[in-house]
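Student: So that we are looking at the same thing, I have put the structure below in structure tokens.
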Ligand SMILES: Cc1cc2nc3c(=O)[nH]c(=O)nc-3n(C[C@H](O)[C@H](O)[C@H](O)COP(=O)(O)O)c2cc1C
């Protein structure tokens, strides 16, 4: 598929939402967000370290959110069998994917989610490949998630401390949220954490917990 078609298709999907939208998009949004009510929250983790730093942020976020009564579905990308998108375009960005793997398990939880949380380590200034291949599979449900309001949050960890080095990964996340029309309600950017578990001695766990608790 040509790049311009990707955008054209996306615009069509967005236009569809807008057509429905005078009223209905708002209604979908309010159905999804259920203010002052419980939300379905899908948490994607991206690290192959089960007890690593980003997993810890995810756990703290989940703890806070569960204390507020929200329903959590957690999908650990690194421990699932999810192939990369083959770009066959048989889905047409809005249909069944030809690949039958663990993405099928995640799909209904993405569609039903009021909120999606991404918890990833920084790998070479980007998100982990384990999470990226899952995000790329959003392609097959693009028409069902783009322009359909959800909240989102980003939890990320990296070893260095330079703020500038976190800019590309944050820009990616924010651009993706803009594209999908989702509202980011928080980012926890944990710098200076290298070894698995070193984040436990920092303030970032509390930040993730408070983010979950604030919902
Ligand atoms: C393949 C790989 C690439 C990495 N790239 C970076 C990087 O670009 N910048 C950085 O500061 N840390 C980098 N790190 C360190 C991790 O981001 C850091 O250890 C993080 O806290 C790991 O989170 P986790 O415990 O959730 O896996 C890299 C680590 C690995 C294994």
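The values are calculated or read from the model by the stated rules, or taken from the named source; none is laboratory data. Keep in mind that what you see is a predicted model, and the values were worked out from it rather than measured. Every residue, glycine as well, gets a Cβ built from its backbone with ideal geometry; the counts of neighbours run over all protein chains shown.
Residues checked against (1) farther than 18 Å from residue 90 by Cα; (2) away from the ligand (no atom under 16 Å from the Cβ); (3) under 12 Å from the mean Cα position of the chain (by Cα):
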| site | (1), (2), (3) |
| --- | --- |
| 107 | no, yes, no |
| 110 | yes, yes, yes |
| 115 | yes, yes, yes |
| 118 | yes, no, yes |
| 122 | yes, no, no |
| 131 | yes, no, yes |
| 150 | yes, yes, yes |
| 157 | yes, no, no |
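Student: Here is a follow-up. Here are 71, 67: which of them is closer than 30 Å to residue 200 by Cβ and loosely packed, with under 14 Cβ neighbours inside 10 Å?
Tutor: 67
Student: On to the next question. Pull up the stretch 177-212, narrow it to residues that are in a helix (DSSP H, G or I) and surrounded by fewer than 17 Cβ atoms within 10 Å (Cβ to Cβ), then point me to the one that is modelled with the lowest pLDDT.
Tutor: Going through the stretch 177-212, the residues in a helix (DSSP H, G or I) turn out to be 177-180, 198-201, 204-212.
Filter once more, keeping what is surrounded by fewer than 17 Cβ atoms within 10 Å (Cβ to Cβ): 178-179, 198, 200-201, 206, 210.
Working: 178: 98, 179: 98, 198: 97, 200: 97, 201: 90, 206: 98, 210: 98.
That would be 201.
Student: Go through the residues of the stretch 164-175 one by one and say whether even a single one is away from the ligand (no atom under 16 Å from the Cβ) and either surrounded by fewer than 14 Cβ atoms within 10 Å (Cβ to Cβ) or at negative phi (or both).
Tutor: At the first step, the residues of the stretch 164-175 found to be away from the ligand (no atom under 16 Å from the Cβ) are 174-175.
Still in the running and either surrounded by fewer than 14 Cβ atoms within 10 Å (Cβ to Cβ) or at negative phi (or both): 174-175.
Yes, the stretch 164-175 has at least one match.
Student: Let me ask something else. All but one of (1) within 16 Å of the ligand (Cβ to nearest atom); (2) in contact with a helix residue (DSSP H, G or I) (Cβ under 8 Å, 6 or more places away or on another chain); (3) outside any loop (DSSP other than H, G, I, E, B) hold for residue 55; state the number of the condition that does not hold.
Tutor: (2)
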